[in-house]
(Lines give C-alpha, C1' and ligand atoms only; values in the text may rest on other atoms or scores of the structure.)
Protein backbone atom coordinates (compact mmCIF):
# COMPACT_ATOMS: atom_id res chain seq x y z
CA UNK A 1 0.00 0.00 0.00
CA UNK A 2 1.49 3.27 -1.11
CA UNK A 3 1.32 6.33 1.06
CA UNK A 4 0.01 9.43 -0.69
CA UNK A 5 2.38 12.34 -0.73
CA UNK A 6 1.08 15.57 0.74
CA UNK A 7 1.53 19.02 -0.69
CA UNK A 8 4.24 19.72 1.85
CA UNK A 9 6.31 16.74 0.67
CA UNK A 10 5.92 17.75 -2.97
CA UNK A 11 6.87 21.34 -2.20
CA UNK A 12 9.94 20.24 -0.24
CA UNK A 13 11.03 17.97 -3.09
CA UNK A 14 10.64 20.78 -5.63
CA UNK A 15 12.66 23.08 -3.39
CA UNK A 16 15.44 20.49 -3.09
CA UNK A 17 15.50 20.01 -6.87
CA UNK A 18 15.82 23.78 -7.36
CA UNK A 19 18.68 24.00 -4.86
CA UNK A 20 20.43 21.05 -6.54
CA UNK A 21 19.98 22.69 -9.95
CA UNK A 22 21.53 25.89 -8.60
CA UNK A 23 24.70 24.01 -7.66
CA UNK A 24 24.79 22.03 -10.93
CA UNK A 25 24.40 25.07 -13.20
CA UNK A 26 28.09 26.13 -13.04
CA UNK A 27 29.17 22.65 -14.17
CA UNK A 28 26.64 22.70 -17.00
CA UNK A 29 27.89 26.14 -18.06
CA UNK A 30 31.49 24.90 -18.11
CA UNK A 31 30.57 21.88 -20.25
CA UNK A 32 28.55 24.10 -22.59
CA UNK A 33 31.42 26.59 -22.89
CA UNK A 34 33.92 23.82 -23.67
CA UNK A 35 32.16 23.23 -27.02
CA UNK A 36 32.20 26.89 -28.04
CA UNK A 37 34.57 27.69 -30.89
CA UNK A 38 34.89 30.53 -33.32
CA UNK A 39 31.83 30.58 -35.54
CA UNK A 40 29.72 28.13 -33.53
CA UNK A 41 30.13 24.90 -31.62
CA UNK A 42 32.48 21.97 -31.96
CA UNK A 43 35.20 19.91 -30.33
CA UNK A 44 38.02 22.22 -31.31
CA UNK A 45 39.02 22.98 -27.74
CA UNK A 46 39.40 19.30 -26.89
CA UNK A 47 41.34 18.51 -30.08
CA UNK A 48 43.76 21.35 -29.48
CA UNK A 49 44.11 20.54 -25.78
CA UNK A 50 44.93 16.85 -26.30
CA UNK A 51 47.08 17.40 -29.39
CA UNK A 52 49.09 20.48 -28.48
CA UNK A 53 49.44 19.89 -24.75
CA UNK A 54 50.36 16.26 -23.98
CA UNK A 55 51.33 17.36 -20.47
CA UNK A 56 47.60 17.71 -19.76
CA UNK A 57 47.10 13.96 -20.24
CA UNK A 58 50.11 13.28 -18.01
CA UNK A 59 48.65 15.45 -15.26
CA UNK A 60 45.24 13.80 -15.71
CA UNK A 61 46.86 10.37 -15.39
CA UNK A 62 48.64 11.51 -12.23
CA UNK A 63 45.34 12.66 -10.72
CA UNK A 64 43.75 9.28 -11.44
CA UNK A 65 46.73 7.52 -9.90
CA UNK A 66 46.74 9.58 -6.71
CA UNK A 67 42.96 9.42 -6.27
CA UNK A 68 42.85 5.65 -6.81
CA UNK A 69 45.77 4.90 -4.48
CA UNK A 70 44.55 7.25 -1.74
CA UNK A 71 40.98 5.92 -1.90
CA UNK A 72 41.95 2.25 -1.91
CA UNK A 73 44.68 2.64 0.70
CA UNK A 74 42.55 4.92 2.86
CA UNK A 75 39.68 2.44 3.03
CA UNK A 76 42.07 -0.47 3.62
CA UNK A 77 43.76 1.27 6.55
CA UNK A 78 40.62 2.85 7.99
CA UNK A 79 38.63 -0.36 8.49
CA UNK A 80 40.89 -1.95 11.15
CA UNK A 81 41.43 1.43 12.87
CA UNK A 82 37.67 2.06 12.97
CA UNK A 83 37.10 -1.45 14.31
CA UNK A 84 39.70 -0.80 17.01
CA UNK A 85 37.91 2.36 18.14
CA UNK A 86 34.44 0.80 17.96
CA UNK A 87 34.81 -2.76 19.26
CA UNK A 88 38.11 -3.14 21.14
CA UNK A 89 38.24 -1.86 24.71
CA UNK A 90 41.62 -0.48 25.81
CA UNK A 91 42.87 2.27 28.06
CA UNK A 92 42.90 5.67 26.41
CA UNK A 93 40.60 4.68 23.55
CA UNK A 94 38.23 7.61 23.98
CA UNK A 95 41.06 10.10 24.37
CA UNK A 96 42.76 8.83 21.23
CA UNK A 97 39.50 8.99 19.29
CA UNK A 98 38.99 12.53 20.56
CA UNK A 99 42.37 13.44 19.05
CA UNK A 100 41.14 11.99 15.76
CA UNK A 101 38.12 14.28 15.92
CA UNK A 102 40.34 17.30 16.59
CA UNK A 103 42.59 16.44 13.64
CA UNK A 104 39.53 16.00 11.43
CA UNK A 105 38.33 19.49 12.32
CA UNK A 106 41.68 21.17 11.68
CA UNK A 107 42.18 22.80 8.27
CA UNK A 108 44.71 21.08 6.03
CA UNK A 109 46.91 24.18 6.02
CA UNK A 110 47.62 23.75 9.75
CA UNK A 111 49.12 20.26 9.33
CA UNK A 112 50.93 20.64 6.01
CA UNK A 113 54.11 22.00 7.64
CA UNK A 114 54.47 18.89 9.80
CA UNK A 115 53.90 16.69 6.74
CA UNK A 116 56.55 18.57 4.77
CA UNK A 117 59.14 18.30 7.56
CA UNK A 118 58.44 14.59 7.92
CA UNK A 119 58.70 13.95 4.18
CA UNK A 120 61.87 16.04 4.02
CA UNK A 121 63.48 14.01 6.80
CA UNK A 122 62.62 10.81 4.92
CA UNK A 123 63.90 12.19 1.63
CA UNK A 124 60.49 11.80 -0.04
CA UNK A 125 59.84 15.39 -1.12
CA UNK A 126 59.07 15.53 -4.87
CA UNK A 127 58.08 11.86 -4.94
CA UNK A 128 54.55 10.44 -5.32
CA UNK A 129 54.63 8.74 -1.91
CA UNK A 130 55.02 12.14 -0.23
CA UNK A 131 51.56 13.02 -1.51
CA UNK A 132 49.50 9.84 -1.19
CA UNK A 133 50.85 8.27 2.02
CA UNK A 134 49.78 11.08 4.43
CA UNK A 135 46.38 11.41 2.77
CA UNK A 136 45.62 7.70 3.20
CA UNK A 137 45.25 8.25 6.95
CA UNK A 138 41.95 10.10 6.71
CA UNK A 139 40.35 10.86 10.11
CA UNK A 140 36.98 11.48 8.42
CA UNK A 141 36.92 7.97 6.94
CA UNK A 142 37.82 6.44 10.30
CA UNK A 143 35.09 8.49 11.99
CA UNK A 144 32.37 7.44 9.51
CA UNK A 145 33.27 3.75 9.67
CA UNK A 146 33.59 3.81 13.44
CA UNK A 147 30.11 5.27 13.84
CA UNK A 148 28.68 2.52 11.64
CA UNK A 149 30.64 -0.24 13.37
CA UNK A 150 29.21 0.78 16.73
CA UNK A 151 25.83 -0.42 15.42
CA UNK A 152 27.13 -3.92 14.63
CA UNK A 153 25.89 -6.41 17.21
CA UNK A 154 28.55 -7.47 19.69
CA UNK A 155 26.84 -10.86 20.01
CA UNK A 156 27.46 -11.61 16.33
CA UNK A 157 31.14 -10.70 16.67
CA UNK A 158 31.53 -12.83 19.81
CA UNK A 159 29.85 -15.78 18.11
CA UNK A 160 32.22 -15.47 15.16
CA UNK A 161 35.22 -15.37 17.51
CA UNK A 162 34.12 -18.73 18.90
CA UNK A 163 34.39 -20.22 15.42
CA UNK A 164 37.67 -18.62 14.33
CA UNK A 165 40.57 -16.65 15.77
CA UNK A 166 41.35 -15.01 12.44
CA UNK A 167 40.78 -11.26 12.41
CA UNK A 168 40.75 -11.36 8.59
CA UNK A 169 37.88 -13.86 8.58
CA UNK A 170 36.00 -11.72 11.09
CA UNK A 171 36.39 -8.67 8.86
CA UNK A 172 35.38 -10.46 5.67
CA UNK A 173 32.42 -12.42 7.07
CA UNK A 174 30.93 -10.00 9.60
CA UNK A 175 32.38 -6.49 9.56
CA UNK A 176 32.60 -5.61 5.87
CA UNK A 177 29.09 -6.79 4.90
CA UNK A 178 27.69 -4.62 7.70
CA UNK A 179 29.47 -1.43 6.65
CA UNK A 180 29.66 -1.73 2.86
CA UNK A 181 27.22 1.17 2.39
CA UNK A 182 29.27 3.44 4.62
CA UNK A 183 32.46 2.31 2.88
CA UNK A 184 30.98 3.28 -0.47
CA UNK A 185 30.05 6.74 0.82
CA UNK A 186 33.44 7.18 2.48
CA UNK A 187 35.15 6.04 -0.73
CA UNK A 188 33.30 8.68 -2.75
CA UNK A 189 34.24 11.41 -0.29
CA UNK A 190 37.85 10.25 -0.17
CA UNK A 191 38.10 10.12 -3.97
CA UNK A 192 36.65 13.62 -4.35
CA UNK A 193 38.98 14.99 -1.67
CA UNK A 194 42.06 13.37 -3.20
CA UNK A 195 41.03 14.43 -6.71
CA UNK A 196 41.07 18.10 -5.62
CA UNK A 197 44.50 18.11 -3.96
CA UNK A 198 46.00 21.59 -4.20
CA UNK A 199 48.04 22.80 -1.21
CA UNK A 200 49.73 19.44 -0.41
CA UNK A 201 50.66 18.95 -4.07
CA UNK A 202 52.12 22.46 -4.36
CA UNK A 203 54.19 22.10 -1.19
CA UNK A 204 55.21 18.42 -1.25
CA UNK A 205 55.85 18.34 -5.02
CA UNK A 206 57.50 21.75 -5.55
CA UNK A 207 59.75 21.05 -8.58
CA UNK A 208 58.90 17.81 -10.37
CA UNK A 209 56.05 18.79 -12.70
CA UNK A 210 55.91 15.33 -14.29
CA UNK A 211 54.28 13.89 -11.16
CA UNK A 212 52.00 16.79 -10.28
CA UNK A 213 48.22 16.21 -10.41
CA UNK A 214 45.92 18.13 -12.72
CA UNK A 215 44.51 20.16 -9.84
CA UNK A 216 47.71 22.25 -9.69
CA UNK A 217 48.42 22.23 -13.44
CA UNK A 218 45.17 23.77 -14.66
CA UNK A 219 46.54 27.30 -14.79
CA UNK A 220 49.39 26.31 -17.12
CA UNK A 221 47.16 26.10 -20.21
CA UNK A 222 45.81 28.91 -22.42
CA UNK A 223 42.77 30.83 -21.27
CA UNK A 224 40.77 29.88 -24.36
CA UNK A 225 41.14 26.20 -23.42
CA UNK A 226 40.23 26.55 -19.76
CA UNK A 227 36.62 25.48 -20.33
CA UNK A 228 37.72 22.19 -21.92
CA UNK A 229 40.32 21.70 -19.17
CA UNK A 230 37.69 22.19 -16.48
CA UNK A 231 35.11 19.97 -18.22
CA UNK A 232 37.51 17.03 -18.41
CA UNK A 233 38.56 17.67 -14.83
CA UNK A 234 34.93 17.57 -13.66
CA UNK A 235 34.04 14.38 -15.52
CA UNK A 236 35.47 11.67 -13.16
CA UNK A 237 33.92 13.18 -10.04
CA UNK A 238 30.59 13.63 -11.80
CA UNK A 239 30.56 10.03 -13.02
CA UNK A 240 31.37 8.67 -9.56
CA UNK A 241 28.67 10.79 -7.94
CA UNK A 242 26.08 9.64 -10.52
CA UNK A 243 27.03 5.97 -10.02
CA UNK A 244 26.78 6.35 -6.25
CA UNK A 245 23.41 8.10 -6.51
CA UNK A 246 22.09 5.44 -8.91
CA UNK A 247 23.23 2.65 -6.59
CA UNK A 248 21.58 4.37 -3.64
CA UNK A 249 18.32 4.71 -5.56
CA UNK A 250 18.38 1.03 -6.52
CA UNK A 251 19.02 0.05 -2.90
CA UNK A 252 16.18 2.22 -1.64
CA UNK A 253 13.83 0.75 -4.23
CA UNK A 254 14.72 -2.80 -3.16
CA UNK A 255 14.12 -1.92 0.48
CA UNK A 256 10.77 -0.32 -0.29
CA UNK A 257 9.72 -3.37 -2.30
CA UNK A 258 10.70 -5.70 0.53
CA UNK A 259 8.64 -3.66 2.98
CA UNK A 260 5.50 -3.86 0.85
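Results, tabulated for the structure shown:
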item	result
Pairs where the first residue, in segment 111-132, is closer than 21 Å to residue 100 by Cβ and the second is surrounded by fewer than 16 Cβ atoms within 10 Å (Cβ to Cβ), C-beta under 7 Å, 6+ apart	112/199
Which listed residue is farther than 19 Å from residue 201 by Cα and in contact with a helix residue (DSSP H, G or I) (Cβ under 6 Å, 6 or more places away or on another chain), from 89, 184, 82	82
Scan of segment 173-184 for residues that are surrounded by 17 or more Cβ atoms within 10 Å (Cβ to Cβ) and either outside the structural domain of residue 136 (by TED's automatic domain parsing) or closer than 22 Å to residue 135 by Cβ (or both), ordered by number	179, 182, 183
Matching residues in segment 234-260 - criterion: being free of Cβ contacts under 8 Å to residues at least 40 places away in the same chain and under 20 Å from the mean Cα position of the chain (by Cα)	235, 239, 242, 243, 245, 246, 248, 249
Residue in segment 90-107 that is more than 30 Å from residue 169 (Cβ to Cβ), in contact (Cβ under 8 Å) with a residue 60 or more places away in the chain, out of contact with any strand residue (DSSP E or B) (no Cβ under 9 Å at 6 or more places or on another chain) and surrounded by 13 or more Cβ atoms within 10 Å (Cβ to Cβ) present	no
Residues of segment 6-44 classified as under 24 Å from residue 241 (Cβ atoms) and in contact with a strand residue (DSSP E or B) (Cβ under 7 Å, 6 or more places away or on another chain), total	1
Candidate set: segment 123-138, residues that are part of a loop (DSSP other than H, G, I, E, B) and farther than 14 Å from residue 65 by Cα; chosen: the one farthest from the chain's Cα centre (by Cα)	123
Verdict on residue 230 being under 20 Å from residue 36 (Cα atoms) and in a helix (DSSP H, G or I)	yes
Test: residue in segment 201-217 that is under 13 Å from residue 59 (Cα atoms), over 20 Å from the mean Cα position of the chain (by Cα), at pLDDT below 90 and in a helix (DSSP H, G or I)	yes
Positions within segment 190-200 being part of a loop (DSSP other than H, G, I, E, B) and either over 24 Å from residue 231 (Cβ atoms) or more than 15 Å from the chain's Cα centre (by Cα) (or both), in sequence order	none
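The values are calculated or read from the model by the stated rules, or taken from the named source; none is laboratory data. Treat the numbers as computed from the prediction; the structure is a model and nothing was measured. Using ideal geometry, Cβ is built from the backbone for each residue, glycine included, and neighbour counts are taken over all protein chains shown.
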